[in-house]
1. Given the rule -39500 (n - 2.57) for each run of at least 4 DSSP H residues, summed and divided by the residues of the chain, what is its mean residue ellipticity at 222 nm, to the nearest 500 deg cm²/dmol?
2. Quick one: what are the phi-derived ³J(HN,Hα) couplings along region 19-25, Karplus 6.51/-1.76/1.60 with θ = phi - 60°, whole Hz, x for glycine and proline?
3. Between GLN9 and ALA63, how many nm apart are label points set 7 Å from Cα along the C-beta direction?
4. Between ARG31 and LEU71, with labels modelled 7 Å along Cα→Cβ, what's the label distance in nm to one decimal, could you check?
5. Which whole-number value in Å³ per residue fits the convex hull of the alpha carbons of the chain?
6. Quick check for me: using +1 on Lys/Arg Cβ and -1 on Asp/Glu Cβ, what's the dipole size of the chain about its Cα centre, in debye to the nearest 20?
7. Net charge around PRO64, counting only other residues with Cβ within less than 13 Å of its Cβ (Lys, Arg = +1; Asp, Glu = -1)?
8. Answer with one residue from LEU55, SER14, LEU35: the one whose Cα lies farthest towards the positive end of the charge dipole of the chain, charges on Cβ with Lys, Arg +1 and Asp, Glu -1.
Amino acid sequence: MLDSIVFEQQGIPSASIITHVFRATGNAMARTWGLEGFRFLEMPHPIANLTDKQLDERAAAIAPEVAKLLLEGQKG
């Protein structure tokens, strides 16, 4: 999250991906850094126990949302 926040503050498009259990933490971090309403993407938790194939499937599923966020930016 913080890398994306810093990039966005520098005018560099970014996309953060978190697992859904960290939604409140992500929102709090964005508020703390002055970016209320910062957009980030969520995927189901947990991911640590997934196989490489399962991770690839999740990445493929979220890739269109990543591209959309990067193209639209935070104001989208």
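Computed from the coordinates by the stated procedures, all read-outs in this text should not be read as laboratory data. Just so it is clear, the model here is predicted, and its values are computed rather than measured. No Cβ is skipped: glycine too gets one built from the backbone with ideal geometry, and neighbour counts run over all protein chains shown.
1. Working: 3 runs with 39 residues, N = 76.
Calculated from helices alone, the mean residue ellipticity at 222 nm is -16500 deg cm²/dmol.
2. These are the phi-based 3J(HN,Hα) values: 8, 4, 5, 9, 4, 4, 5 Hz.
3. Once both label points are built, they end up 3.2 nm from each other.
4. Once both label points are built, they end up 3.3 nm from each other.
5. 86 Å³
6. With Lys and Arg at +1 and Asp and Glu at -1, about 180 debye.
7. Working: positive: ARG58, LYS68; negative: GLU65, GLU72.
Net of charged neighbours comes to 0.
8. The listed residue farthest towards the positive side: LEU35.
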